[in-house]
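Participant: Here you go, one structure.
What follows draws every value from the coordinates through simple rules; no lab data is involved. Computed from a predicted structure; not experimentally measured. No Cβ is skipped: glycine too gets one built from the backbone with ideal geometry, and neighbour counts run over all protein chains shown.
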Amino acid sequence: MTRFIVRRLIAMIGVMFVISLLTFLLFESIPNGDPARRLAGRLATANEIAFIRKEYGFDQPIYVQYARMMKNIFTGQVYSYYQGFNVVDEVKLGLPATLSLAIGAGIIWLFTSIVVGTLAAVKAGKNTDRLLTVLSMVGVSFPPFFLGAILIYYLGYKLNWFPLGGYVKLTSDPWQWFVHMVLPWFTLSVLFIGFYSRVLRSTILDTINEDYVRTARAKGLSENQTLRRHVLRNSLIPIITLFGLDFAQVIGGGAILTESIFNLHGIGQLAADAIGRLDITVILVVVLLTAFFVVALAAVVDILYAFLDPRIRIAV
Amino acid sequence: MSDPLLEVDDLRVQFHTEDGVVRAVDGVSFTVDQGEVVAIVGESGSGKTVTAMTLMGLTRGPNANFEGSAKFDGTDLVTAPEDELRQIRGAGIAMVFQDPMSSLDPVYKIGKQIVEQIRVHNKNISKAQAHDRAIELLERVGIPRATERVDAYPHEFSGGMRQRVMIAMALSNDPKLLIADEPTTALDVTIQAQILDEVRQLRRQQESGIILVTHDLGVVADIADRVVVMYAGRVVEQGTLDEIFYDPQHPYTWGLLGSITRVDRDRSQRLLAIPGMPPSLLRPPEGCHFRPRCPFAFEKCTEVPPLTARLPDTADHLDRCWLEVPQKRELRKRGDQIGLRTKETVIS
């Protein structure tokens, strides 16, 4: 186990190094991405720009700039070139909203897709299955900006059941927090439920033909017991993989559309704004954060695997 | 004599597929008595596994159609409602499957899988008691250090060990009837012999009836009391072990017996195959299903021969062949056309 964790940590550092380097180089080489020009503002003279370039060290070799950037990020001294705020502080500010969105939606989409996927598999070929298939397809095809806008318009603006957007801290008013999160949770979940339930349905239909499922029936277990104890347990592995990665993405600010449309001021919205302005420091920090969550949760998923499937334990 | 343990009468199983109706089992009748080992033999696709699975209710489905009856302990296994059948499955009738490598759930300890079967039929047994019983069963089927091994996972066991676990599981509720579907096919010959020993012991100790589904006549000769030979969904011949091995009446049976490897023959005669392929069960040949492959077929064979006793002295030796008995004995003597070199096998 210790060896596993150490190996995973080393891999994690390697992955994050490569990602940070690539992101840095990418935004450095993008046309119109000159940070000195951005810092100086629209009306700056050539002299002012040259001064800023020298002052901030943008004229130094790229690896020096990269090293300094990394040092700044890890000491929390990294500032937006555009608006001057401290990026790490800003990310910390956005984290509660993003976590609320990710955890709430994650629970909803995981459990709903297990229920929907299992139901579709059990009723395979029947009308229930067809209906669920259509609903899944509709869910997958609904982009959050569309579904979110519809929900806000009808349930928020017309019926006034839900607020039009924004985030209220859980600690300041739990009820308002909940009311504000319902639509974002729903919007984000719909997308994943459609996809996950399809994957689970097909995995279950494969598993149901396994010899050990036949053995379970031959033992005298009821269909329900067979399904719960033997089929579902063996079918959850691909779902857990998907969930680990998707969940990490959302925590790391991946739900850009959902966060923006509901104005949650989370990390995703921060990233969306930063990308619009080519604010490289913010982009870098958010990308690193996402990478961190993805790699960390991938490790958690591997441990969960071992829990779900004893054959993997030896390898771990 | 008391009623037989299991009485299968004119069992028919049809599956509706996209290509048409498959008559997987087409009128199969046989009985199994207490403490008796009945072997069902035949090549792949002859309907022997479907017959066995149908007795367990495992072939039921929207596309399956059943006729006939299979009486076990006062219950008709063919028509019994699912709930009733579930009480019997794994308790009164237990089954051991062909492929031990994939028949155990990979994510549970083997002990837990045995405990599950004990407790699903007897809720009064505590987990601890069931666990002790699992250890006992594992010891009985010859798993060394059963107290430790009960907590192992299936992937930590070899194929032979897993089949022992499957047998232990099948025995956990003292079944009156054990159905073993090619229990040794996937195993080494040495392991095979050990597994057959377990089966033999089960019959002795428990007086259980055993149905052994196999295509391995060596195994049949080793253990069976009676033999049912199936071909393309029908029983073509049935009788006692000696009757089938020493006075086989159906040319298909001759072919099966002829295809046993014989080290006592010339190299060219050691392994003889039945020519041709088994028929498609979607469109089986008219009349006797074996007709297209049978070197002795004649006009009458386009009618389906009934399964009856044709030998004057043995009422239980049944077959489905139009040939006259003396004619067959004569053919068998020179009939190396389908593999049967008969001098040493014929008593008559």
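Participant: Which of the residues belonging to the range B:153-189 are free of Cβ contacts under 8 Å to residues at least 60 places away in the same chain, over 23 Å from B:His121 (Cα atoms) and surrounded by fewer than 18 Cβ atoms within 10 Å (Cβ to Cβ)?
Facilitator: B:His155, B:Glu156, B:Ser158, B:Gly159, B:Asp188, B:Val189
Participant: On the basis of being buried (at least 21 other Cβ atoms within 10 Å of the Cβ), on the phi < 0 side of the Ramachandran plot and either in a helix (DSSP H, G or I) or touching a residue at least 24 places away in the same chain (Cβ under 8 Å) (or both), does B:Leu196 make the cut?
Facilitator: No, not satisfied.
Participant: So which of A:Leu110, A:Leu99, A:Leu39 ends up being surrounded by fewer than 17 Cβ atoms within 10 Å (Cβ to Cβ), out of contact with any strand residue (DSSP E or B) (no Cβ under 6 Å at 6 or more places or on another chain) and in a helix (DSSP H, G or I)?
Facilitator: Going through A:Leu110, A:Leu99, A:Leu39 in turn, just one is surrounded by fewer than 17 Cβ atoms within 10 Å (Cβ to Cβ), out of contact with any strand residue (DSSP E or B) (no Cβ under 6 Å at 6 or more places or on another chain) and in a helix (DSSP H, G or I): A:Leu99.
Participant: Hand me the list of helices (runs of 4 or more DSSP H) wholly inside the range A:197-316 holding 2 or more residues that are within 14 Å of chain B (Cβ to nearest Cβ) and without any contact (Cβ under 8 Å) to a residue 24 or more places away in the chain.
Facilitator: Because the criterion is at least 2 residues that are within 14 Å of chain B (Cβ to nearest Cβ) and without any contact (Cβ under 8 Å) to a residue 24 or more places away in the chain, the helices (runs of 4 or more DSSP H) in the range A:197-316 that meet it are A:211-218, A:280-308.
Participant: Does the range A:90-110 hold any residues that are hydroxyl-bearing (Ser, Thr, Tyr) and within 13 Å of A:Asp246 (Cα to Cα), and which are they?
Facilitator: Within the range A:90-110, no residue meets the criteria.
Participant: Within the range A:73-96, which residues are of a type in the set (S, T, N, Q) and either touching a residue at least 12 places away in the same chain (Cβ under 8 Å) or in contact with a Leu (Cβ under 8 Å, 6 or more places away or on another chain) (or both)?
Facilitator: A:Ser80, A:Gln83 - these are the residues of the range A:73-96 that are of a type in the set (S, T, N, Q) and either touching a residue at least 12 places away in the same chain (Cβ under 8 Å) or in contact with a Leu (Cβ under 8 Å, 6 or more places away or on another chain) (or both).
Participant: Still on this structure, please answer the following. Any idea which of B:Thr31, B:Thr51 is assigned to a strand (DSSP E or B), of a type in the set (Val, Ile, Thr), within 19 Å of B:Asp225 (Cβ to Cβ) and within 18 Å of the chain's Cα centre (by Cα)?
Facilitator: When all the criteria are applied, what remains is B:Thr31.
Participant: Does any residue in the range B:113-125 that is more than 9 Å from chain A (Cβ to nearest Cβ) come within less than 7 Å, Cβ to Cβ, of a residue that is part of a loop (DSSP other than H, G, I, E, B) and surrounded by fewer than 23 Cβ atoms within 10 Å (Cβ to Cβ) six or more places away or on a different chain, and which pairs are these?
Facilitator: B:Ile118/B:Ile125; B:Ile118/B:Asn173; B:Arg119/B:Ile125
Participant: Looking at B:Val38, B:Val21, which is the one that is of a type in the set (A, V, I, L, M, F, W, C), surrounded by fewer than 16 Cβ atoms within 10 Å (Cβ to Cβ) and part of a strand (DSSP E or B)?
Facilitator: Details: B:Val38 fails: surrounded by fewer than 16 Cβ atoms within 10 Å (Cβ to Cβ).
After applying the criteria, what remains is B:Val21.
Participant: Pairs please, first residue from the range A:111-135 and closer than 16 Å to A:Leu242 by Cβ, second anywhere and surrounded by 15 or more Cβ atoms within 10 Å (Cβ to Cβ) and small (Gly, Ala, Ser), Cβ atoms under 6 Å, 6+ apart in sequence or on different chains.
Facilitator: So the pair list comes out as A:Ser113/A:Ser197; A:Val116/A:Ser197; A:Gly117/A:Ser197.
Participant: Here's something else I'd like to know. List pairs: first in the range B:295-319 and free of Cβ contacts under 8 Å to residues at least 24 places away in the same chain, second in a loop (DSSP other than H, G, I, E, B) and charged (D, E, K, R), Cβ under 8 Å, 6+ apart or cross-chain?
Facilitator: B:Thr302/B:Glu286; B:Val304/B:Arg320; B:Pro305/B:Arg320; B:Pro306/B:Arg320; B:Ala309/B:Asp316
Participant: Here is a further query. For the range B:60-87: of the residues being without any contact (Cβ under 8 Å) to a residue 24 or more places away in the chain and β-branched (Val, Ile, Thr), which is farthest from the other protein chains (Cβ to nearest Cβ)?
Facilitator: B:Thr79
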